[in-house]
Amino acid sequence: MTPNFNLVATVGFLDPFRAANYLDGRTCYKWTLASPEGGLCTASNGVTLQTRPMSEVQNLSFDIVIVSSSWTPETHNTPSMQAALWRWARQGRTLGALDTGAFILARAGLLKDRRATVHHEHIDALIEMYPDVVPSEELFVFDGPGSPAVVVLRRLISHCTSFWGYTGIRLPMRPRAMCFIRASGPLVPCKAQVTWNLWGNLHQTV
């Protein structure tokens, strides 16, 4: 994680693993939170999480390594972080990113000719800064070998959302601006144009 990381995205990613442990009644999955300096890392909403410094974890082996960042990811893209990411890539670990984390992977050269997505406000910047990355507007993308870790992750997302009774789960190919409103009957899709109209009139009543 980098300072000002997206707390909702980070915790939302971890929760299926927590739920899997809970449902199975044992610790099937463990995770480690790390940041460049370690200690308390502050999210963009001001909440802090305790982390380990990168220097302590860069030589450890993980099945999945996720880069979670939000504001100004380029300011935290250090040579030591890139070296650690390359080390895990060479070991065949599954690498991924949340929010603007793809900028850090792209800067390290790990997304060349691969599909990637970032927060919708930063898609244009990704295209401009890293033309060798194939940008996607999808909610999330998988591009790479179908490793066991990726298979497990996909199944966790599917099974946990089904168990907790979530309705209207956003599939990766569904437009980001699509939303749902609970009416008297079934879920009614709301046109993306409504959302864009709201974005374009943030300072006045619509």
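Numbers at a glance
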read-out	value
Val134, Val8, reordered so the largest accessible area comes first (probe 1.4 Å)	Val8, Val134
Ile127/Ala89 FRET efficiency (R0 35 Å; Cβ-Cβ; nearest 0.05)	0.95
Region 1-95 - share of DSSP beta bridges that are antiparallel (%, nearest 5)	45 percent
For region 1-114: Kirkwood Rh in Å [reciprocal of mean 1/r, alpha carbons]	14.5 Å
Theoretical FRET efficiency, 1/(1+(r/R0)^6), r = Cβ-Cβ of Glu137 and Trp31, R0 41 Å, to 0.05	0.90
Loop-resident sites, region 7-58, for trypsin sites (Lys or Arg not before Pro), counting at most 10 other Cβ within 10 Å (DSSP)	Arg26, Lys30
Orientation-averaged projected area, Cα convex hull of region 22-84 (nm²)	5.6 nm²
Distance in nm between pseudo-label sites at Trp71 and Ser55 (7 Å out along the Cβ direction from Cα)	2.7 nm
Residue order for His120, His76 - accessible surface, 1.4 angstrom probe, largest first	His120, His76
Cα→Cβ-extended label distance, 7 Å offset, between Val11 and Leu40, nm	1.6 nm
Solvent-accessible area, 1.4 Å probe, carbon plus sulfur percent, for region 1-155	53 percent
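The values are calculated or read from the model by the stated rules, or taken from the named source; none is laboratory data. Because the structure is predicted, anything quoted here is derived from the model rather than measured. Heads up, the Cβs are rebuilt from the backbone with ideal geometry, glycines too, and the neighbour counts pull from every protein chain shown. The protein model used for the area step is the full one, side chains on, heavy atoms only, and it has no ligands, DNA or RNA in it. Shrake-Rupley method; radii C 1.70, N 1.55, O 1.52, S 1.80 Å.
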